[in-house]
1. Residues of the stretch 302-319 being within 21 Å of the chain's Cα centre (by Cα) and either touching a residue at least 60 places away in the same chain (Cβ under 8 Å) or in the same structural domain as THR16 (by TED's automatic domain parsing) (or both), which ones?
2. Provide a single number: the residues in the stretch 80-105 that are assigned to a helix (DSSP H, G or I) and either in contact with a helix residue (DSSP H, G or I) (Cβ under 8 Å, 6 or more places away or on another chain) or among the aromatic types (Phe, Trp, Tyr) (or both).
3. Please pick out the residue among ALA133, ALA77, ALA72, ALA67 that is part of a helix (DSSP H, G or I), of a type outside the set (Asp, Glu) and over 33 Å from the mean Cα position of the chain (by Cα).
4. When both residues are 6+ apart or on different chains and their Cβ atoms are under 6 Å apart, which pairs have a first residue that lies in the stretch 152-172 and is part of a loop (DSSP other than H, G, I, E, B), and a second that is surrounded by 21 or more Cβ atoms within 10 Å (Cβ to Cβ) and among the small types (Gly, Ala, Ser)?
5. Just for the stretch 175-213: of the residues that are acidic (Asp, Glu) and over 24 Å from LEU132 (Cα atoms), which one is nearest to the chain's Cα centre (by Cα)?
6. In this structure, is ALA375 among the small types (Gly, Ala, Ser), farther than 27 Å from GLU487 by Cα, assigned to a helix (DSSP H, G or I) and modelled with pLDDT of 95 or more?
7. Identify all residues within the stretch 247-269 that are part of a loop (DSSP other than H, G, I, E, B) and either in contact with a Leu (Cβ under 7 Å, 6 or more places away or on another chain) or crowded, with 24+ Cβ neighbours inside 10 Å (or both); write none if there are none.
Amino acid sequence: MLARHLRAEDPSFFSTAPWDDVPDLELPTPPLREGLGRAHLKVSTQVPLAQSYFDQGLRLLHLGWGAEARRAFAEAARQDPSLAMAYWGLALTRGPGARYAMARAEAIHKALTLSEGVTDAEQRYIVAATFLADKGPANGRHGFVREMEALVDCFPEDAEARLLLAGFLADGYEPDGRPGADQPYAQALLRELLRTHPHHEGVHHAWVRVMVESSRPEAALESARRLRLLAPRAGTALLGSGRLLLRTGHTREAREVLEAAVAADDAWLSQESLPESAAPVAGLALRLLVQACADAGRYGEAQAWARRLRHRVESVTPHVGQALVFAAGALSSLHLRFGFWRAAADLRVELETEARAAERGLLTGMETYARGLRALEAGKLVEAERACDELDALHPPLAEERKGDSHMLCPRDVARVVVLAACELRGALEARQGEYARAEATLIKALRLERRLRAVGPSAFSRPARETLARARMRSGREDRALEMAEALVKERPGSGHAWFLLAEVHVARGSFTEAASAFASFLECWRDADPRLPELRRARVFLAGRGGLGVEAVMPSNVIPLRALENVSC
């Protein structure tokens, strides 16, 4: 999607991408690839290879693989130096910000110079892109949208124009769940494209990215599944598909797709003889695999994926600080997810002496937070208080640092996740101390901070604030309010066994044993392939066998076998 290249890049493990500083026409020639879809836009060229490479660039642009799309457009320009639309593509695939402003301007001005004699539609494409290249996505937004609307009006059958417009207008969602200003407009364009172009990989990818953070991600479930068939060699498409499958609770299917995304990246790296730091999505896919395995109770497998991620990062020389921290964070968060505080607190990462403030701040924040949780669970409240104070002290200097450039970790984003962790830990501490009103206020603040985190920043390393708030409300005897939190979490993450387990515990606290039995049964369904020794499994089976209120067979899925040996054990 166009917005990915111009406004909203995903967080990157590595601070540089391949060929960032290579001039457009000096980029290495890519092969023509299968498995990227079939998008096509006829352009003014008599050179078949130029048309083929242009189409490949267009497909990759739709699928969010900007660096590879740029190579394809560059080869189209080499095959036909008079192809204006090749330079149009080069202008759009350059990253956002001032760093590439000169390159964007040169490319679009070259396209304008060559546009005399091309079709009216191509001229309109180029004029629209001029607003973005010259003024940037923010200042050029109105002009680009108006020109693209005129193009769509003149050529209503041009699916590529409608898709590019929809991709640019996809503004995501506000922290309160309301759609961005032009999100409904983008959705309307995409719904029509789904009807008229059901086999277009770019349409399905855009629909998945638009809907994944909405309140109804299941509306894009079919698109997520189709993407695996339409673009099986595009890791970016597979990553988007895996995210949506995970979001809708199809955890096993999500794991398969995310593994395919890693494999697609690895195949590309091997073909291009590139280091693992060049993989466009493998790092993110591995982090999501850790999350997917955690949701399914597969702690051992999740550890294996987290260690594989760390091995990939450590194999790159010289070591990249932010990649090391991100990889360590995946393993630390996994330990915390299952309550293994000591393992999280004992995780060690050695950064180079020249590591940036953002990298050191994020690593220190993770270590301090894990240490605070370990102290809190051990009842060492003074030590936990000290960890809260240390997290509070980390925030101001990070917030005052300069904003990060390009793929570099931004200190201000790190400051946001650190202050979130401090609030979550302090709220849990206040609840443990019996200061329930203060804990409620602190955790509500943490929940609001969590909702406002930038999607392009580092992932939060703290426990979900909603879970901590629900447990604090249970501790204070406000089970009905805790139920609201738990039900919302299950709705948001229906495939997460942890969410179902929390809901079951809330029902137990309320004395709603029939509802608790149903929630425990759903938990066991999510964890049907979980590691067998996890204590949550024993807790659920004991409840269903002893106090469920209903017969075990009435509330458990047919593939979940109760432990009859525990049927006389009371909760």
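1. VAL313, the sole residue that qualifies.
2. 15
3. ALA77 is the lone residue from the list that is part of a helix (DSSP H, G or I), of a type outside the set (Asp, Glu) and over 33 Å from the mean Cα position of the chain (by Cα).
4. Here the result reads ALA170/ALA3; ALA170/ALA186, each pair linking the stretch 152-172 to a residue that is surrounded by 21 or more Cβ atoms within 10 Å (Cβ to Cβ) and among the small types (Gly, Ala, Ser).
5. Looking only at the stretch 175-213, we keep the residues that are acidic (Asp, Glu), and these are 176, 182, 192, 201, 213.
With the extra rule that they be over 24 Å from LEU132 (Cα atoms), the set shrinks to 176, 192, 201, 213.
Working: ASP176: 19, GLU192: 26, GLU201: 20, GLU213: 10 Å.
Selected residue: GLU213.
6. Values: among the small types (Gly, Ala, Ser): yes; farther than 27 Å from GLU487 by Cα: yes; assigned to a helix (DSSP H, G or I): yes; modelled with pLDDT of 95 or more: yes.
Against the criterion (among the small types (Gly, Ala, Ser), farther than 27 Å from GLU487 by Cα, assigned to a helix (DSSP H, G or I) and modelled with pLDDT of 95 or more), ALA375 qualifies.
7. Taking the stretch 247-269 as the starting set, the residues that turn out to be part of a loop (DSSP other than H, G, I, E, B) are 248-250.
THR248 - this is the single residue of the stretch 247-269 that is part of a loop (DSSP other than H, G, I, E, B) and either in contact with a Leu (Cβ under 7 Å, 6 or more places away or on another chain) or crowded, with 24+ Cβ neighbours inside 10 Å (or both).
Table: residues versus (1) surrounded by fewer than 23 Cβ atoms within 10 Å (Cβ to Cβ); (2) over 24 Å from GLY117 (Cα atoms).
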site	(1), (2)
PRO23	yes, yes
GLY37	no, yes
LYS42	yes, no
THR45	yes, no
PRO48	yes, no
SER52	yes, no
LEU60	no, yes
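The values are calculated or read from the model by the stated rules, or taken from the named source; none is laboratory data. Treat the numbers as computed from the prediction; the structure is a model and nothing was measured. FYI the Cβ positions are ideal-geometry reconstructions off the backbone, even for glycines, and counts take in every protein chain you see.
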